[in-house]
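The structure under discussion appears below in the form of C-alpha cells.
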Amino acid sequence: MLGSKSVIIRHLLITLFHSNEIILRNIQLCDDVRAAINILKIYGKTINLTNDNTIRISGSINHLPEEIHCGESATLLRMLVPINHSLQNKGRYTGDKTLLNRDFRDMKEMLTPLGLQFTSDKPQSDIFKLPFSVFGNISSQDNYYIKADKSSQAVSGLLISRSFNNVPSTISCSSLVSAPYVYLTADIINMYSKIIEFNDKTFIINPISSMESFKDFFIEGDWSLGAMILALGLTIDNCEVKNLTAHSPQPDSKFLELFDNLSIRYQVNEKDQSIITHRQSYPGYTYDITDTPDLAPALMILAANANSPSIINGICRLTNKETNRASTLSETFINLGGKLDVINDNTWIIYPSQMHGGKIHSHNDHRVALLAIFLGLQSNEIVEIDDCECINKSYSAQFLKKLLK
C-alpha cells in the first residue's frame, strides 16, 4: 500500500524549513499531495519525482507567494496559514471543487487571537469561505494559547512553524479535538530532530540551531484505507494489507484496537510490515469517531458484517467535510441495502446488512465514493457511482484499481 496522504503532507510542509535534501519514499501522488508539492515549488523548493514513488526535496525558501492555491485540501490550507504567516504578514488563499464550499470559521476563530486578520472575498454572516485573505504575522513568543474544539489542523501548522524558528515556546490548547493528529505531527517533527515534548493538550518546543544534513523516510501506508480493506477482509478467505504497522503513529491505526476488543483474529508480520486477517464472525460494537472521523467508512463496513447491531457516536464531526458526511455516508449505506438509524444527529445505530446494487451519487466526496466501492464489492449486483474520479483527491485511481484486483 502506498503512503498515507496525511503523513506525506506533514513531511512536505516540514521540509519548507529544512534546506538539505530530504527523500520521501512510497509516495501516494494523489491530488492533495500534488497540491502540496506545487506550493513548495512556489516557495522555491526543488522537487524531483522519480518513477518509483520517491520524492527528493532540497533548496531553501527564496520566494514568498502573494496567493496560495490549496487545490481541494482543507488539511493543507489549515496547516499552511499559520506556517505562511510565520514567514510573511499577508497572503491570499484559494482552492477548487469542494474546498470552495467549506466553512473555515473555525480556523478564523482559532487564529485571530494570535494576531491574524481574515477577510473573505464574499463576506457572509453564517459562513467563512474561500477565497479569503489573511493579514498579520504570528510573532515569536514564549506561550501560545489556542482553542481547537472544531479542528486540530491549524494547531499542527502552528506546531510546525514554531519548531524551526530557534525560539523555545509552548502551545497550550484549552480544548483539542482530534488530538491524535497533532500528536502525529509532533512525532513526525521529532523524526527530524527531537525537539517536542507533549502531553495531552500541551506541546513544549525546544528548537536546536542545526539538524542532520540528510534524511530518508519510507512513508507507511494509509491506515484509513487500510482499515476499510481489513474490514472487508473479514468477509473473504484471506486478506493481507502491506506497508501497515500495528503500532503506527497514525490515529486511524486505532482500528486495530477495536479488532482486539472484539476478539477478531489477525496476524502481524513485522518483517514485511503487513497485517493479515480472514473470514470470521464477530459481534457488534460501540465506537466514538470524534478524534478519528476518517474511520467512519471502515466502521460502517465492519458494522454491516457484524452479527449484532453496532453504535457509532460522534458523527457530528462529519458535517464540515467535503460534504456533510453524516448525511452522505448514511445515504450511500442505505441506498445499497444498509440498515441504519440516526439518533440525536450524533449517533448511528447500524444493523447487520446484506448489500445490493444501486446507483450512488458521490457528491464529489472521495470518502463517499470509496464507501460505495467497498460496499459494492460485497454485492452480487452492479453498483454505479457517478464522479468516481473524486477518489484521486486522496488515492491514485490507478493505485486503487491495482489494490482491489
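FYI, it's all coordinate maths here, none of it is from the lab. Predicted model, so just to flag it, every value in this text is computed and none were measured. We place every Cβ from the backbone using ideal geometry, glycine too, and count neighbours over all the protein chains shown.
Step through the table entries Lys5/Lys97; Lys108/Lys339; Lys194/Lys271, compare each Cα-Cα distance with 28 Å, and write down the pairs that go over it.
The pairs that break the limit, which is 28 Å between Cα atoms, are Lys108/Lys339.
What GluC sites (Glu not before Pro) does the stretch 259-341 have in DSSP loop regions with at most 15 other beta carbons within 10 Å?
Glu270
Just grab the label-to-label distance for Asp200 and Glu21, each label 7 Å out from Cα along the Cβ direction, in nm (one decimal).
4.5
Tilt of helix 74-84 relative to the longest C-alpha principal axis of the chain, in degrees (0 to 90, nearest 10)?
10
For the chain, what relative contact order do you get, as a whole percent, if you take Cα pairs closer than 8 Å and at least 6 residues apart?
13
Kindly express, to the nearest 10 degrees and within the range 0 to 90, the angle between helix 5-14's C-alpha long axis and the longest C-alpha principal axis of the chain.
10
Please work out the FRET efficiency for the pair Gln354 and Glu109, using the Cβ-Cβ distance as r and a Förster radius of 56 Å; give the result to the nearest 0.05.
The pair Gln354/Glu109 has a calculated efficiency of 0.80.
Length gain on complete extension for the stretch Ile208 to Asp126, per 0.36 nm per residue less the alpha carbon to alpha carbon distance?
Working: separation 82, 0.36 × 82 = 29.52 nm, distance 4.32 nm.
Here the segment from Ile208 to Asp126 would lengthen by 25.2 nm.
Nearest 5 percent is fine: what portion of the DSSP beta bridges confined to the chain is antiparallel?
Within the chain, antiparallel bridges account for around 70 percent of the total.
Please give the FRET efficiency for Glu67 paired with Asp149, using the beta carbon to beta carbon distance and R0 = 30 Å, rounded to the nearest 0.05.
0.50
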